[in-house]
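What follows is a short report on a single structure.
The values are calculated or read from the model by the stated rules, or taken from the named source; none is laboratory data. None of the values given here were measured: they were computed from a predicted structure. Methodologically, a virtual Cβ is constructed for each residue, glycine included, from the backbone with ideal geometry; neighbour enumeration extends over all protein chains shown.
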Amino acid sequence: MSPTPPPQASTSPCPTCKSPVTADTASFPFCSSRCKKVDLGRWFNESYKVSRPIEQADLDEE
Ligand SMILES: [Zn+2]
C-alpha cells in the first residue's frame, strides 16, 4: 500500500523557492533561514532602487 500524503492544508509554499513548508517550521513561512535571508535581501534591494540607500540604522534593527 502507498503511504497517505500529508494534507496540503498544513503547508504553504516557501516565498523564495516554493517548497512546501509546514507551519511548525522555525523559519516559517520560509523553508529555511537561508531562504528567509534571500527574500529579505531581495526586498531590501528593491527598496534601495526605488527610495534611498540602506543606512546603518536600518541594519541594526535585526
Ligand atoms: Zn525555501
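Annotations for the structure displayed:
- Unmet requirement for Arg52, which otherwise passes all of (1) more than 16 Å from the ligand (Cβ to nearest atom); (2) at pLDDT 70 or above: (2)
- Being within 12 Å of the ligand (Cβ to nearest atom), loosely packed, with under 11 Cβ neighbours inside 10 Å and at pLDDT 90 or above holds for only one residue in Ser33, Ser19, Ser12, Ser27, and it is Ser33.
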